[in-house]
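Structure first, commentary second.
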Amino acid sequence: MRLVLLGPPGAGKGTQAQVLCKDKGWAHLSSGDILRGEVKAGTELGAKAKAFMDAGQLVPDDLVVNMMVSRIARPDCAGGFVLDGFPRTAVQAEALDKALARSGRPLDGVVSLEVRDDEVVRRISGRRTCPQCGAIYHVQTLRPKVDDVCDRCGHRGLTQRADDREEVVGQRLVAYRRQTEPLIEYYRRAGLLEQVSAEQPIDQVRAELDEALGRRQGAVGGASA
Ligand code: ADP
Ligand code: AMP
């Protein structure tokens, strides 16, 4: 299945995508993770993106579109993928549609994870990530089994993202409401949209996500399940 997860920063897109992709064998493509990888590797793209990311603003469309379209073309995406954090603007959504249409593999569905701003702030301020494998935790709701040690890869030392500081979170939310939220309507018109309340425990969100995917698979004839 080729799926987009929409939702504000902190909605739980990465949390759901990680579990879903592990279960189904789909590729999980987080544009934020890929960009952070570029920054860490010191590439030209990373250098261009860093100032925007630090300020909580969106990285320019042309950079992100090229990066994601070439990532989607890689063989691990042939069996299905989940896009987490991309597209984030109308220009990106249209470019994605065109690229997928060219390869004859259009999107099967878009799930919007919906959460109020105050809950987003609570989630983001408690988020911790494994700098080695990208696994996502929360200081209250999703703690690792051993304090400060990643369950998935055993790395010691979970970190807080620089852009998860409160001053930057407000800016990221503004960018979401202004530039990304209009995509809900864009995908509704395309007949691809499913909406899920993400203000529930992680397992409950997952159950509703599964139901939404079931409806989408029905709609596309179960072809790419
Ligand atoms: P996104 O990828 O949308 O930015 P994440 O998946 O990184 O969001 O989740 C943000 C934070 O909220 C993480 O610390 C995660 O553990 C926590 N979280 C995710 N889903 C839920 C949920 N349903 N209830 C409570 N906390 C959650
Ligand atoms: P995320 O990990 O999804 O919260 O993204 C972190 C940051 O990376 C964002 O605040 C943006 O600066 C940048 N970013 C990630 N995805 C995109 C995108 N699709 N378009 C523009 N900027 C992005």
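The values are calculated or read from the model by the stated rules, or taken from the named source; none is laboratory data. Predicted model only: the values in this text are computed from it and were never measured. Cβ placement follows ideal geometry from the backbone for every residue including glycine, while neighbour counts extend to all protein chains displayed. Ligands, DNA and RNA are excluded from the accessible area calculation, which covers all protein heavy atoms including side chains. Shrake-Rupley method; radii C 1.70, N 1.55, O 1.52, S 1.80 Å.
Normalised Debye scattering of the chain at q = 0.09, 0.15 Å⁻¹ gives log10 I(q)/I(0) of -0.34, -1.04, counting only Cα atoms as equal scatterers and leaving out solvent.
A simple count of charges around GLY109, restricted to other residues whose Cβ falls under 9 Å of its Cβ and scoring Lys, Arg +1 and Asp, Glu -1, yields +1. Per residue, the chain exposes an accessible area of 49 Å² to a 1.4 Å probe, with every protein chain left in place. Over 29 Å apart at the Cα level, from the set LYS13/LYS48; LYS22/LYS48; LYS24/LYS50; LYS48/LYS145; LYS22/LYS145, are LYS22/LYS48; LYS24/LYS50; LYS48/LYS145. Carbon and sulfur: what percent of the range 127-225's accessible surface (1.4 Å probe)? Ligands and nucleic acids excluded, carbon and sulfur reach 48 percent. If you run the Gaussian network model on the chain, springs between alpha carbon atoms under 10 Å, then out of ARG188, ARG206, ARG127 the most flexible one is ARG188. The range 13-64 and the range 162-225 have Cα centres lying 17 Å from one another. With semi-axes defined as the square roots of five times the eigenvalues of the C-alpha gyration tensor, the equivalent ellipsoid of the range 9-68 measures 24, 13, 10 Å, largest first. Modelled spin labels at ARG105 and ARG156, positioned 7 Å past Cα toward Cβ, are 4.1 nm from each other. Each Lys or Arg adds one and each Asp or Glu takes one away; over the other residues whose Cβ falls under 14 Å from the Cβ of GLY42, this sums to +2. Overall, the range 71-185 carries a charge dipole of about 360 debye about its Cα centre when +1 sits on the Cβ of Lys and Arg and -1 on the Cβ of Asp and Glu, all other atoms neutral. Evaluated at q = 0.12, 0.28 Å⁻¹, a Debye calculation over the C-alpha positions of the range 79-137 (equal weights, vacuum) places log10 I(q)/I(0) at -0.48, -1.17.
Measure off, as a whole percent, the carbon and sulfur share of the 1.4 Å-probe accessible area of the range 1-118, all protein chains present.
Here it works out to 54 percent.
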